[in-house]
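See below for the structure under consideration.
The values are calculated or read from the model by the stated rules, or taken from the named source; none is laboratory data. Bear in mind that the values here come from a model prediction, so they are computed numbers and not experimental data. Glycine also receives a Cβ, built like all others from the backbone with ideal geometry; neighbour counts cover every protein chain displayed.
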Amino acid sequence: MKTRAAVAFEAGKPLEVVEVDLDGPKSGEVLVEMKATGICHTDEFTLSGADPEGAFPAILGHEGAGIVVEVGPDVKDLKVGDHVIPLYTPECRECEYCLNPKTNLCQKIRTTQGQGVMPDGTSRFSYKGKPILHYMGCSTFSNYSVLPEISLAKVRSDAPFDKICYIGCGVTTGLGAVMFTAKVEPNSTAVVFGLGGIGLNVLQGLRMVGARQIIGVDMNPAKEAMARQFGMTDFVNPNDIKGDLTGHLVELTGGGADYSFECIGNTNVMRTALECCHKGWGESIIIGVAPAGAEIATRPFQLVTGRSWRGSAFGGARGRTDVPKIVDMYMEGRIDIDSLITHTMPLDDINKGFDLMHSGESIRSVVLY
Ligand code: NAD
Ligand code: AHE
Ligand code: ZN
Ligand code: ZN
């Protein structure tokens, strides 16, 4: 079939909306009509050329929601008409990783997914007879996309696509980092670095679990108002701090934070995030994705004295199990997604979504098909 898609032909160039060819689903695969997709900072990261796994031409996008329109042979748990959210972290429920409760990082198809192809090693997309690569197993910047069944969470059919697409990455990453990765206890103190599409969801996760002090750090003062609406109790703009930011945060938390979350992808900030944690027990969670070649540093003494450094991918969530529950949380009014979707646009204007991210004007832009 033909489908309209925003294609990343080259790193650092705007996307081009063209009609591409899409082959039907093979064994274990599903054809999805995408109804909406968010634009995450990670799409921008890959498009910029900073992603070691970035390969072109490709159809980016990993924060979608849509409807199953065709199932391939051997598909067990999905049928035509099901509403689904694509999962860049699949859940096969049988690999060594899925069977270990310590991780959500299903590895069943990770190698081929990272190469931009389906599990059989080929792409379903092509343009003018040449293959176009998939991205993060999702390619939600295409009106129609083919995904493995294990990369789709079935969700309730009364949830609005234009809001729940954000659960495909940002919402789950932020809430999950608090609930699944850090398992933050009530009455904790926390510092959140970067109050964008991820950090604001960390804030609402912290409020939900009953953290008592929630400090937000961002260089953009325009982020303060929205962050307060999402549970931030104190705002720190590093540019306003004379002297050492780490020391300031340690003082503000009365000795160091119980938890910190880095939601930027800046390795210098990652160091501050670790070192502002409380001696003896403070945990720092890295969420931000740093460019190829970047490395983190600290004095090992920081770890020897009881701080720990951890990372979180997709908030530690197991997609097919946890994503439908997060959709329920939204439908029950327990989390706010609507306020975070600051801009919507048709596919033809997708590059405006990237411009709004660069200028810091948007939290989330959502493309409506
Ligand atoms: P965003 O652009 O919406 O937000 C980033 C925020 O950081 C902005 O508000 C910006 O003003 C602020 N900022 C930038 N530099 C700063 C600095 N030095 N000090 C303080 N604030 C600073 O991005 P996002 O969509 O929220 O994504 C954040 C990061 O999380 C990205 O690196 C993205 O790739 C990553 N991410 C990771 C996962 C995961 O599973 N680990 C999932 C989604 C996104
Ligand atoms: N491809 C990059 C790493 C990118 C990365 O860390 N991705 C996160 C999700 S970001 C979503 O917005 C992730 O899930 N990582 C785990 C994984 O298996 O990719 C690189 O550095 O090579
Ligand atoms: Zn993302
Ligand atoms: Zn698995």
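Looking at segment 16-57, which of its residues are part of a strand (DSSP E or B) and closer than 15 Å to Cys138 by Cα? The answer is Leu22, Glu29, Val30, Leu31, Val32, Glu33, Met34, Lys35, Ala36, Thr37, Gly38. So is Ile132 within 16 Å of ligand 3 (Cβ to nearest atom) and on the phi < 0 side of the Ramachandran plot or not? In short, no. If you go through segment 59-95 and keep only what is surrounded by fewer than 17 Cβ atoms within 10 Å (Cβ to Cβ) and closer than 12 Å to Gly319 by Cβ, you end up with just Arg93.
The criterion of at least 1 residues that are under 18 Å from Ala153 (Cβ atoms) and touching a helix residue (DSSP H, G or I) at 6+ places or on another chain (Cβ under 6 Å) is met, among strands (runs of 3 or more DSSP E) falling completely within segment 70-139, by 83-86. Considered as a group, the residues in segment 173-197 that are within 12 Å of ligand 1 (Cβ to nearest atom) and not in a helix (DSSP H, G or I) include one that is nearest to Ala317 (Cα to Cα), and that residue is Gly197. Within segment 278-320, being more than 24 Å from the chain's Cα centre (by Cα) and among the hydrophobic types (A, V, I, L, M, F, W, C) holds for Trp281, Ala297, Phe301, Leu303, Val304. For segment 168-188, a residue qualifies if it is touching a Leu at 6+ places or on another chain (Cβ under 9 Å), buried (at least 24 other Cβ atoms within 10 Å of the Cβ) and over 18 Å from Leu87 (Cβ atoms), and the qualifying residues are Val178, Val184. If the condition is being within 20 Å of His248 (Cβ to Cβ), in contact with a Leu (Cβ under 8 Å, 6 or more places away or on another chain) and part of a strand (DSSP E or B), then segment 271-326 contributes only Ser284.
As a summary of the residue check, Thr181 satisfies the conditions (1) outside the structural domain of Ala65 (by TED's automatic domain parsing); (2) more than 16 Å from ligand 2 (Cβ to nearest atom) except for the one numbered (2).
Yes or no, residue by residue, for (1) exposed (fewer than 14 other Cβ atoms within 10 Å of the Cβ); (2) of a type in the set (A, V, I, L, M); (3) closer than 30 Å to Ala5 by Cβ; (4) assigned by TED's automatic domain parsing to the domain that holds Glu96:
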residue: His278; (1), (2), (3), (4): no, no, no, no
residue: Ala292; (1), (2), (3), (4): yes, yes, yes, no
residue: Phe301; (1), (2), (3), (4): yes, no, no, no
residue: Thr305; (1), (2), (3), (4): yes, no, no, no
residue: His343; (1), (2), (3), (4): no, no, yes, yes
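Exactly one residue out of Gly216, Gly205 is in contact with a helix residue (DSSP H, G or I) (Cβ under 8 Å, 6 or more places away or on another chain), surrounded by 24 or more Cβ atoms within 10 Å (Cβ to Cβ) and in a helix (DSSP H, G or I), and it is Gly205. If you scan segment 186-210, which residues turn out to be more than 15 Å from Glu262 (Cβ to Cβ) and touching a residue at least 40 places away in the same chain (Cβ under 8 Å)? Matches in segment 186-210: Ser188, Thr189, Gln204, Met208.
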